[in-house]
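*Asks:* Here's a structure for you.
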Amino acid sequence: MNNNNLALKAFLSGPVMPLSRVPDPVFSSGAMGDGIAIDPLNDCLYAPCAGVVMHVARTRHAVTLKADNGAELLLHLGLDTVELQGEGFDALVQEGTRITEGQPLLRFDLDKVARGSKSLITVLILTNGEGFQLRPLTTTCVDVGAPLLQLSRTGSAPATAEPAGSGGESRGHVRVALHGGLHARPAALLRKSAQAFSSRAELRFAGRSASVDSLVGIMGLGVGEQDEVEVICRGADSEAALHALLETLATAGAEPTPQPVTPLPVAAPRGAEEPGVLAGVCASPGLASGPLVRLGALHLPDDRGDSQPDEQHRALDQALERVRGDVRATLQQAARQGHADEEAIFTAHLALLEDPGLLDAADLLIDQRVSAAHAWHRAVQTHCGILQSLGNPLLAERANDLRDLEKRVLRVLLGNDGEQAIAAGSLVAAQEITPSDLGPLVRAGVAGLCMAEGGATSHVAILARAKGLPCLVALGPQVLELDEGRVLVLDASNGRLEYAPSAERIAQVAMQREQREQARQQQRARARQAAVTRDGRHIEVGANVANPEEAAEAFAAGADGVGLLRTEFLFLDRQQAPNEEEQQHAYQGVLDAMGESRVIIRTIDVGGDKHLAYLPLPAEENPALGLRGIRLGQALPQLLDQQLRALLRVAPIRRCRVLLPMVSEVDELIAIRQRLDQLAHELGIEERPELGVMIEVPSAALLADQLAEHADFLSIGTNDLSQYTLAMDRCHAGLAARIDALHPALLRLIAQTCAGAARHGRWVGVCGALASEALATPVLIGLGVQELSVSPGLVGEIKARVRELNAEDCRQRSQELLALGSARAVRDACARFWPHA
Ligand code: PEP
Ligand code: MG
């Protein structure tokens, strides 16, 4: 029988509490080991599992058992009950007795013990925690015999005196520098670091331990910033794994500060109540008014407890896989659009969906004939309870992410994928709105969000800010009692929800919103006009697109051209590469969507983080530094030839510019130019498209002068240029806040690129995400950039920004920025030099 994993049953009836809430520091600090507590409502202590009685206290207030998997469990009845000297206790077993699960161990006089001791709270402690792990299965009230904890062997239990395995064991202590301690994203980061090694890693804190594989387990330790933890790695590469994990834990700044640059106002204290106003905390600023709509909750059908485990396991697995697929798709889209915040959030969600702690808890319940929906719901609720009981607001807010995933999986399990129909312009109220609720709400065009709970650092708050949707959190339960359809004013910037606004107030809000909308419309109305600085410098503002539909959108939004068509998206998510005709058709579609404007088409940039299942490429030790971009074209010349032929066949060819990704030396460019000539010759084509190179590797920026001699133009990819200059993985959720393209080192490379290009009369564009940032527009113009390729929705705004500026002033002040020491300093200086509404 496999007894490595045991479900420990409730040893008493009563409310369950985490050890941290037991009013006795010896237990609550975890000094004696991990465990759980119950405040008893009955008068007999029962065995949580089968085993042998190791010890019965002389004063009969405590019993220690050895479970069949070697775990040693202390059951300590009440606090300070040793003082009673056995009065009121009746031991029902003796040392050495073999016991069965649920066997009575100790009867006690509830009144006598309650009167004579500090508390009846009874703890179960795992006293030989090494090699074992405890996971709560419930945090509410239990009856004797109910599933309480999962006790698992982590593979190296010394209780059975097994050797530590083929590899060694390495241990180390470190003070956690990750911002906010070990909550979801840092925990995901730690797990990612551990996955690079074969060793198993465990984290110890305050006498408790968690496998690094389990996000929920790590978060459940409640480790705060500057807490000291122990890391234990076991396996062949334990030394290297330990080193990597200690380094991850000791590196600050892994958690992006989830706030925009301006501090968000905090609501007035609840005591100072204003009539007709609910006070909340601003999670995303803005002003809106509209009728209130409540977001529907999900209702679980009754569970009769007679489900077929096999069927239910399958149903849960399928639902989880479906949601993982959806999350992966969202992640890819966020990556494509350069939304680092969203990427970080959905990476953590993906890790939670694979969390062994959560999945084991649900599986265990399914084994007990609980339906998949109820098992998933209870597993998530238990883990939310743990996160909320730790007294750390950041961790408590991560419970919102778990609840989001709960809902998503339940919707699939219950066949309830439909979205609630919500009218545009509504203010949506809910207990808590989760990240996956947000997409449909944004699509419906809601005006604002009001949550009874939630926090300003929650993931949904980050997303609401990104979407520009006003949002208040922590409004309290009253927000859910307001009548649906009532028109409210949401003044999120000032933390106020006005639930009885006068007609004048509603009209005033409508007017203010209209003024803002007018400003936006003015930008849109002028979006088709050229962007010229106050002193007459023309800046071309194009758009980054992935297909003809996006190109049409960009054209309608006023884009002067396509500054970057990422052709690899045509090659992704399919069984074989598109043939030459299909490619030509797609490229022609983009040209046709752009009127008379020019289109820059980049040759395929796969490898790195973008894989093609049908391309026979060897696995890379370090894909970002391997065969990607133009290097792949050299490794698979037929693939590149086919694409170049498709590009040569678009018409008119003068509107097509070809861009080469990841160029790092001049020979690459010369070889492709020769190949392009040869292919054009074979096809009988006289005209040639312009040929440019991306500047996204430091060597290319440093060689801009030499490259410009052979290229028609240069386009700076600030996303990769940041990655390779700062040596920070652009997909690294933990480094997202530090991989900032306004770093002065990048500004120097951009300046050098522009200077090199100018020597040969070539122009320079920027197509990385920095081009879409209005704060960066003056710097880029000042350093000599002539074209900006931005997200289609931002064309109007960036053009308006260009028109506010004086290019000569930008040039002078940008020189000062080159001398600064950090991206933060550059950002502060930009905000001072060129204030922006
Ligand atoms: C870049 O690296 O900045 C860029 C535009 O290319 P991509 O984001 O597609 O790698
Ligand atoms: Mg790039």
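Here, each number is a calculation from the coordinates, and none is a lab measurement. Remember, predicted model here, so these are calculated numbers, not experimental data. Note that we place each Cβ from the backbone using ideal geometry, even for glycine, and neighbour counts take in every protein chain shown.
*Asks:* For the stretch 513-549, which trypsin sites (Lys or Arg not before Pro) are in a loop by DSSP, counting at most 15 other Cβ atoms within 10 Å?
*Replies:* ARG526, ARG528, ARG534
*Asks:* Any chance you could give the angle, 0 to 90 degrees and rounded to 10, that helix 503-525 forms with the longest Cα principal axis of the chain?
*Replies:* With rounding to tens, the tilt is 40 degrees.
*Asks:* Same structure, new question: Please work out the Cα center distance from the stretch 300-355 to the stretch 657-713, rounded to the nearest Å.
*Replies:* 43 Å
*Asks:* In whole percent, what relative contact order does the chain give with Cα contacts below 8 Å and a gap of six or more residues?
*Replies:* Numbers: 1834 pairs, mean separation 78.8, N = 837.
Reported relative contact order: 9 percent.
*Asks:* Along the Cα→Cβ direction, 7 angstrom out, place labels at GLN388 and SER822. What is the inter-label distance in nm?
*Replies:* Placing both labels 7 Å along Cα→Cβ, they lie 3.7 nm apart.
*Asks:* Moving on to the next point. About the Cα centre of the stretch 309-413, how large is the charge dipole given +1 on each Lys and Arg Cβ and -1 on each Asp and Glu Cβ? Please answer in debye to the nearest 20. Walk me through the numbers before you get to the answer.
*Replies:* Values: 12 positive and 17 negative charges, 56 e Å.
It comes to approximately 260 debye.
*Asks:* As I understand it, the dipole of the chain uses +1 on the Cβ of Lys and Arg and -1 on the Cβ of Asp and Glu, about the Cα centre. Which of ALA557, GLN308, GLY784 lies farthest toward its positive end?
*Replies:* My answer, from the dipole projection, is GLY784.
*Asks:* How high is the FRET efficiency from THR59 to ASP306, r the C-beta distance, R0 51 Å, rounded to 0.05? Don't skip to the answer; put the middle values down first.
*Replies:* On the way: r = 45 Å, r/R0 = 0.88.
It comes out at approximately 0.70.
*Asks:* Let me have the 222 nm mean residue ellipticity of the chain computed from DSSP H runs of 4+ only, each contributing -39500 (n - 2.57), with the sum over all residues rounded to the nearest 500.
*Replies:* Theoretical 222 nm ellipticity from helices: -11500 deg cm²/dmol.
*Asks:* Then there is this: Grab the Cα-Cα distance for ASN494 and GLN333, subtract it from 0.36 nm times how many residues apart they are, and report the gain in nm with one decimal.
*Replies:* Full-extension gain reported as 54.7 nm.
*Asks:* Treating only the Cβ of Lys, Arg, Asp and Glu as charged (+1, +1, -1, -1), what charge dipole size does the stretch 5-153 show about its Cα centre? Round to the nearest 20 debye. Present the calculation step by step, with values, prior to reporting the outcome.
*Replies:* Details: 12 positive and 16 negative charges, 37 e Å.
Using Cβ point charges on Lys, Arg, Asp and Glu, the stretch 5-153 gives about 180 debye.
*Asks:* Would you please give the FRET efficiency between LEU298 and ARG21, computed as 1/(1 + (r/R0)^6) with r the Cβ-Cβ distance and R0 = 22 Å, to the nearest 0.05?
*Replies:* About 0.15, to the nearest 0.05.
*Asks:* Now for a different question. Which value in nm describes the separation of the simple spin-label points at ALA503 and ASN579, placed 7 Å from the Cα toward the beta carbon?
*Replies:* The answer from the label model is 6.9 nm.
*Asks:* In addition: What's the exposure ranking of HIS61, HIS681, HIS538, going from fewest to most Cβ atoms within 10 Å?
*Replies:* Working: HIS61 29, HIS681 10, HIS538 13.
Placing the least packed residue first, the sequence is HIS681, HIS538, HIS61.
*Asks:* Could you line up ASP109, ASP401 from fewest to most neighbouring Cβ atoms inside 10 Å?
*Replies:* ASP109, ASP401
*Asks:* Report, ordered by chain and residue number, the lysines lying within cross-link reach of LYS192, taken as a straight Cα distance under 20 Å and ignoring same-chain residues fewer than 8 apart.
*Replies:* LYS610
*Asks:* Just grab the label-to-label distance for GLN431 and ARG115, each label 7 Å out from Cα along the Cβ direction, in nm (one decimal).
*Replies:* Going from the GLN431 label point to the ARG115 one covers 4.2 nm.
*Asks:* Taking 0.36 nm per intervening residue step and subtracting the Cα-Cα distance, what contour gain separates SER198 from GLU230 on full extension?
*Replies:* Full extension of this stretch gives 9.6 nm more.
*Asks:* Test of understanding: ordering LEU350, LEU65 by Cβ neighbours within 10 Å, fewest first, what list do you get? Before the final figure, lay out each step's value.
*Replies:* Details: LEU350 18, LEU65 24.
Neighbour counts put them in this order, fewest first: LEU350, LEU65.
*Asks:* Quick one: compute the contact order of the stretch 309-413, relative version, from alpha carbon pairs under 8 angstrom and 6+ residues apart, as a percent.
*Replies:* On the way: 91 pairs, mean separation 35.4, N = 105.
Relative contact order here is 34 percent.
*Asks:* So if we plug the beta-carbon distance of GLN518 and ARG486 into 1/(1 + (r/R0)^6) with R0 = 25 Å, what FRET efficiency do we get, rounded to 0.05?
*Replies:* Once rounded, the FRET efficiency stands at 0.35.
*Asks:* Counting Lys and Arg as +1 and Asp and Glu as -1, each charge on the Cβ, what is the dipole of the stretch 526-833 about the Cα centre in debye, to the nearest 20? Can you show the working numbers first?
*Replies:* Values: 32 positive and 41 negative charges, 175 e Å.
Magnitude of the dipole: close to 840 debye.
*Asks:* Compute the Cα gyration tensor for the chain, then decide on rounded, prolate or oblate, letting a ≥ b ≥ c be the square roots of its eigenvalues: rounded whenever a/c is under 1.5, prolate when a/b is larger than b/c in the other cases, and oblate in all that remain.
*Replies:* Prolate.
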